[in-house]
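Novice: Okay, here's the structure, questions in a sec.
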Amino acid sequence: MALINDGSTFSLRTGKWVFEVFLNFRGEDTRHSLLRLLYDALVEKKISTFRDDKVLERGKPIPSELLKAIEESRFSVVIFSKNYATSSWCLDELAKIVECRQKMKGHTIFPVFYDVEPTEVRKQKGSFGEAFAKHEEVFKENLERVKRWRDALTEVANISGWVIPKGQESEYIEPIVEKLFKTLSSIKLNEGLVGIDSRVWEVYSCLKIGLTDVRMIGIYGTGGIGKTTIARVVYDSFSNQFEASSFLHNVRETAEREGLAYLQEQLLSDIFMERNIRISDVDNGVRLIRHRLCNRKVLLILDDVDCLDQLYKLACKRDWFRPGSRIVITTRDEHLLKTLEVDEIHRPKELSSEEAVHLLSLTCFGSEHPPEGYMEMSNHVVSYAHGLPLAIKFLGSFLDSRSIPAWKSCLDRLENSFPTEILQVFQISFDSLQEVEKETFLHIACFFNGEDQDRVIEILDYLELYPKIAISILIDKSLLSVSSDKHLWMHPLVQQMGRKIIFRESPKFPWERSRLWLLEDIDLVLTDNMGTGAIQSIVLDLPAQKEVCWHPEAFSKMHGLVLLKIHNVQLQHELTHFPNGLRFVEWSGYSLKSLPPNFEPKMLVELTMCHSNIEVLWKGVKQLDSLRFIKLSHSRNLIRTPDFSEAQELERIDFEGCTNLIEVHPSVGVLKRLIFLNLKDCTSLVSLPSKLEMESLEILTLSGCSKVKKIPDFAKNMERLRELHVNGTAIVDLPSSIEHLTSLSLLNISHCKNLVHLPCAILRLELLRDFIVLGCSRLATFDDHESFPARKRSIWLWVEEFFKGSCRRVKSKLS
């Protein structure tokens, strides 16, 4: 018997498979039609295929080499035809195929129903029924063999396959081969590559091998995520589909060590199988690559690219390559891929929890699952790696052959510090940043991981770090990502690397570090008055309130402090100093009655002290040249607002819930840049500026200010105000100057129980859309409504009837 095999090898297979496909068929039905077309297509696709093409004598047993070929084949394609069941040889092969499927992991069957229906095979009807009637007569002494055939037919016929009518063979060849090729492409290359199937197939789908264009594909992500591994499997799996191929490993490091000309030589040597290629300079190398590669259909992998010049010198343009070529680039920098205008960008996902444990177990124990006693600890170990394959393999190698006590010791150590060897992988990306980008990265790593993106940008903008462009660069370099709900997310190991950088500034003395975020460090520095000019930022966010005995002069020597954010701290002593260079202060629950008296906040951009005990922020007038936002909401002891005469950059004021606030300083009424003023639920407020001349104001909220009896007059320059909320106040009327609010779209006067009438000027406001009047029990009419133009009378009368009628518990909406 001759064993026919095309001799090709498909790269994506594990070592135990000798053939990709075993063909099981009835020769007289298919040899010169479907079988010939299918086999030729498989060979053309370079899928290693076994076909037994010799006609053997009836009744002879299957040779051992044929049984071995079935066992060594990854897939079996079973072609059922009219006369298939008449052959005991075919049926014995089928029984063996089913046995392999049941006993050998990975053996897959693809049935083809050629000129027969699946139900004929499944139920042994028609020609199959006739054949089995004869078999039961011939093999009546061995009916167990016949039963095995029947069971095999039933099992395989229940698998989804292709039903091919006679005469339409050619139409089905391509989908069969494509299915086989796609499934083969998801086979693991080696033991220990966990989760590689789907990741490789996603890249293969991007490549679109078979199209005649030149395609460039990017694989980008953080260090250790598996970009190189995926690219290597893609290369080993599909390079046999091209005339030539080259895998340039670690372009970044090789270019630094050997130069780009060396990489050009390697590329040309790989493609043309020539060892003695020498390139005198990089520009000559570019010309040589363009000249010689345009005649070859190639697969080129550029691994770990970190600058555009590398791409420009190795694979800049598509017209360098012959149609059908594919270029795959792995990088940590998405911006490079966008600049090169690659066709598609693939970002590998972290390993799932199950995949991570599987990989750890393979690395540690050489098995798919941890042995008894190690499962819980394995789950703990992989939780520190957060799905990063490189970190998991490193930890697995470290823990290999170690006892349970050693594992527990390792877990204790991981709580505080991750191995430096892993963190250095991320350090490469950090080192490539400009100084302002490094500062942004360190702020996010130390303080703002998981925070709202817009809020972080706002704070870092106060520090003059140009955060929008800096954050976009961090995202491009795989050091940061943004979640679907617009929160910044940094991989915990990347975050730990950033914090290690700060720790290395002064390993023993926290007061010599630029950023402090740990309670023990901050408490030590502030209690012992150990502050220095090196400290730039302090963030302390405690889950529960804690009393501290910080030194009154704790901040006196921190001349470089620009950011101070504290939550849930109860001070036991007064503070005598705040650094004058502070730009951002957020101190929730500030327990003192005022800010330090000698604090000169001329650099301060935002001051947020919600739920504080402040009665008066400071006395007199302060230089507030930079202040844009002040928020003291729910500071129930606050009596009056500061004098904001020197705060001409102020954009937002929020004193909501300051229930003891009596007076708003007149200076507020003339703030030219103020956009938002919120005095909601200031229930003791009685004194407002007599006139508001805030030309930028868009939202004014006085809701719940139950002692406010009169709304200030509005100057003509108040034309930007969009929302006015005076609901729940004690006002009797609205000023006629409301007519100056030409952009007003929302007016809420609900539950103003003293409100008697409204100025007709309201109905001249062309942009008014929401007019809420719920619960105005004394409201009767507009002033002088007869003078209103007749063309508006229907609206007038409708609103007036609404006020007089019984619809007082309805929200009125004018549109």
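The values are calculated or read from the model by the stated rules, or taken from the named source; none is laboratory data. All values reported here derive from a predicted model rather than from experimental measurement. Methodologically, a virtual Cβ is constructed for each residue, glycine included, from the backbone with ideal geometry; neighbour enumeration extends over all protein chains shown. In case anyone asks, the SASA skips ligands and DNA or RNA and just uses the protein heavy atoms, side chains included. Shrake-Rupley method; radii C 1.70, N 1.55, O 1.52, S 1.80 Å.
Novice: Any chance you could look up the accessible area of residue 593 with a 1.4 Å probe, heavy atoms only, rounded to 10 Å²?
Specialist: Accessible area, nearest 10 Å²: 130 Å².
Novice: Calculate the dipole size of the stretch 490-640 relative to its Cα centre from +1 charges on Lys and Arg beta carbons and -1 charges on Asp and Glu beta carbons; express the result in debye to the nearest 20.
Specialist: Around 400 debye, computed over the stretch 490-640.
Novice: Pulled fully out, how much extra length does the chain show between residue 778 and residue 756, if you take 0.36 nm times their separation in residues and subtract their Cα-Cα distance?
Specialist: Contour length minus Cα-Cα distance gives 7.4 nm.
Novice: Let me ask another. Suppose the chain between residue 44 and residue 665 were pulled fully straight at 0.36 nm per residue; how much longer would it get relative to their current alpha carbon spacing?
Specialist: So the extension gain works out to 215.0 nm.
Novice: At a Förster radius of 25 Å, what calculated FRET efficiency corresponds to the Cβ-Cβ distance of residue 414 and residue 489, to the nearest 0.05?
Specialist: With R0 = 25 Å, the Cβ-Cβ based efficiency is 0.75.
Novice: If you don't mind, another one. Which whole-number value in Å² is the accessible area per residue of the stretch 283-381, probe 1.4 Å?
Specialist: On a per-residue basis, 46 Å².
Novice: Keeping all protein chains in place, calculate the accessible area per residue for the stretch 91-210 (probe 1.4 angstrom), answer in Å².
Specialist: Heavy-atom accessible area per residue stands at 49 Å².
Novice: Need one value: the accessible area of residue 202 in square angstrom, 1.4 angstrom probe, rounded to the nearest 10.
Specialist: 80
Novice: Out of 507, 589, 471, whose Cα points farthest toward the positive end of the dipole of the stretch 471-602 (charges: +1 Lys, Arg; -1 Asp, Glu; placed on Cβ)?
Specialist: Checked the options; the winner is 471.
Novice: With a point put 7 Å past each Cα toward its Cβ, work out how far residue 31 is from residue 316 in nm, to one decimal.
Specialist: 5.9
Novice: Ok, one more. Treat each spin label as a single point 7 Å out from the Cα along the C-beta direction, and report the residue 542 to residue 520 distance in nm.
Specialist: Each label point is offset 7 Å from its Cα along the Cβ direction, giving 1.6 nm.
Novice: Hey, which aspartates and glutamates would be in cross-link range of residue 103, C-alpha to C-alpha under 14 Å, not counting anything within fewer than 8 residues on its own chain?
Specialist: 71, 72
Novice: Report, in debye and to the nearest 20, how large the dipole of the stretch 606-733 comes out about its Cα centre when Lys and Arg carry +1 and Asp and Glu carry -1 on their Cβ.
Specialist: 220
Novice: Follow-up question, since we're still on this one. Would you list which lysines come within 17 Å of residue 297, measuring only between C-alpha atoms, while excluding same-chain residues fewer than 8 positions from it?
Specialist: Cα-Cα hits under 17 Å: 45, 46, 208, 317.
Novice: To continue, here is another question. Which percent of the accessible heavy-atom area of the stretch 237-326 goes to carbon and sulfur, probe 1.4 angstrom?
Specialist: Carbon plus sulfur share of accessible area: 44 percent.
Novice: What FRET efficiency do you get for residue 455 and residue 698 if R0 is 30 Å and r is their Cβ-Cβ distance, rounded to the nearest 0.05?
Specialist: On the way: r = 20 Å, r/R0 = 0.66.
The computed FRET efficiency comes out at 0.95.
Novice: Kindly identify the stretch 508-654 as rounded, prolate or oblate by the Cα gyration tensor criterion: order the square roots of the eigenvalues as a ≥ b ≥ c, call it rounded if a/c is under 1.5, otherwise compare a/b with b/c, prolate if a/b is larger, else oblate.
Specialist: On the way: a/c = 1.85, a/b = 1.42, b/c = 1.31.
Prolate.
Novice: If you place +1 on the Cβ of every Lys and Arg and -1 on the Cβ of every Asp and Glu, how big does the dipole about the Cα centre of the stretch 321-425 come out, in debye to the nearest 20?
Specialist: It comes to approximately 300 debye.
Novice: Applying 1/(1 + (r/R0)^6) with R0 = 56 Å to the Cβ-Cβ distance of residue 403 and residue 276, what FRET efficiency is obtained, to the nearest 0.05?
Specialist: Values: r = 55 Å, r/R0 = 0.97.
Rounded to the nearest 0.05, the efficiency is 0.55.
Novice: Also: For Cα extents along the principal axes in Å, pick the label among (i) 93, 60, 52; (ii) 120, 90, 57; (iii) 112, 73, 61 that corresponds to the value derived from the coordinates.
Specialist: Looking at Cα extents along the principal axes in Å for this model, the match is (iii).
Novice: Give the cross-link partners of residue 619 among the lysines, using a straight C-alpha distance below 30 Å as the criterion and excluding same-chain residues fewer than 8 apart.
Specialist: Straight-line reach from residue 619, under 30 Å: 546, 557, 565, 593, 602, 631, 672, 680, 691, 707, 709, 710.
Novice: Still on this structure, please answer the following. So how far, in whole Å, is the C-alpha centre of the stretch 634-712 from the one of the stretch 61-106?
Specialist: Cα centres, the stretch 634-712 to the stretch 61-106: 86 Å.
Novice: Something else: Any idea of the accessible area per residue across the stretch 519-661, 1.4 Å probe, to the nearest Å²?
Specialist: Per-residue value: 39 Å².
Novice: Now a separate question. Once the dipole of the chain is set up with Lys and Arg at +1 and Asp and Glu at -1 on Cβ about the Cα centre, which of 239, 639, 176 lies farthest towards its positive end?
Specialist: 176
Novice: Now for a separate question. Could you check the spin-label model distance between residue 212 and residue 339? Points 7 Å from the Cα along Cα→Cβ, value in nm.
Specialist: With each label point 7 Å from Cα toward Cβ, the separation is 3.4 nm.
Novice: Now for a separate question. Tell me the mean residue ellipticity at 222 nm calculated for the chain from its helices only (DSSP H runs of n ≥ 4, each -39500 (n - 2.57), averaged over every residue, nearest 500).
Specialist: Theoretical 222 nm ellipticity from helices: -10500 deg cm²/dmol.
Novice: Pull out the extension gain between residue 353 and residue 372, defined as 0.36 nm times the separation in residues minus the alpha carbon to alpha carbon distance; nm, one decimal.
Specialist: Numbers: separation 19, 0.36 × 19 = 6.84 nm, distance 1.83 nm.
Here the segment from residue 353 to residue 372 would lengthen by 5.0 nm.
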